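Reviewing the structure listed below.
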Amino acid sequence: MSFLEQFFEDNFDVPPTPPGNSGQADGSVPPSQGNSFKKASDSELAAHLEVDTYDHFQLTDAVRPAMDLKIKPTEGYRHEHYQDEESGASIPVVMAAASKEKLFPLFMELIEKLGPVVDVVLESSHEGDAEGHRDFYRDNIDMAVLQSVLFDYEDLLLNDGCTGIAVLNPSLPQEVQLEEHKLLIVYGSPLEQYEFRMERAGVSESPQMQFITEAEHVHSSSEKYLKRFEELRCDLGLDGSQTAPNENYLDDQYNDGENWSDGDMSGGLA
């Protein structure tokens, strides 16, 4: 096994695409479009993965862009709409990428706007393709308690490419998500108060920007982060098995529990 193959096996949730496998079913980049990681030499790959800053935008350790940088990581936000296939409802969405030093404080500030009591969803893809994403739910947690716990897990939430968290208030209804690519996503209406806080943090609207999820990329995780995820799950009171969401969740307003596949942005946003 080469260094490159071992690196993917040990560190990333998406292994190199085997020869002859189109890879299109799960949204990954087909070999016909080129797998820039697989084409890289050991030294080129190592050098690329050490780069965490592009211009003034700093990435967390959770994800890295393609070697060819078809989409260069940048800061900003843009508007989208989530189209619910069953109800036909169109839900306004703001998607944002914030530099590492701003990301966690901004997330904590955004979730405060959801109210004093919220629901929380902890999302995991640590088990890989065998299990898919697992979502763990808790109803009615005090915002002060939630934030106190999350402060202790800042490193996990920022740097683990297999951990995501969503905080929501079904009575509004609105949701703020820090997903596994470390993008901030806000669902619901009105969105102006969230946009104001992004602008105040220096994250400006950029309607034509593209996100790292819209091209080839890789996620990074580790056994350490898996252990920390389980500790966070317990500290949030999610000590049972996966539970089904309550009817009052935003099931009819967003693609519940489904994150975009690598290299694909078709997950419900139009």
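The values are calculated or read from the model by the stated rules, or taken from the named source; none is laboratory data. For clarity, every value in this text was computed on a predicted model and none was experimentally measured. Cβ sites come from the backbone with ideal geometry, for glycine too, and all protein chains shown count toward neighbours.
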Matching residues in segment 188-224 - criterion: being at pLDDT 95 or above and among the hydroxyl-bearing types (Ser, Thr, Tyr): TYR194, SER204, SER206
Every residue from segment 87-100 that is outside any strand (DSSP E or B), buried (at least 17 other Cβ atoms within 10 Å of the Cβ) and aliphatic (A, V, I, L, M): ALA98
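Restricting attention to segment 41-86, and to residues there that are in a strand (DSSP E or B) and β-branched (Val, Ile, Thr), which single residue is nearest to the chain's Cα centre (by Cα)?
Looking at the filtered set, the residue picked out is VAL63.
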Condition check for LEU168: buried (at least 17 other Cβ atoms within 10 Å of the Cβ), within 30 Å of LYS70 (Cβ to Cβ), touching a residue at least 40 places away in the same chain (Cβ under 8 Å) and out of contact with any Pro (no Cβ under 8 Å at 6 or more places or on another chain): no
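Residues checked against (1) modelled with pLDDT under 80; (2) of a type in the set (D, E, K, R); (3) more than 21 Å from PHE211 (Cα to Cα); (4) touching an Asp or Glu at 6+ places or on another chain (Cβ under 8 Å):
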site	(1), (2), (3), (4)
GLU5	yes, yes, yes, no
GLN24	yes, no, no, no
GLY27	yes, no, no, yes
PRO30	yes, no, no, no
SER43	no, no, yes, no
VAL51	no, no, no, no
TYR54	no, no, no, no
LYS70	no, yes, no, yes
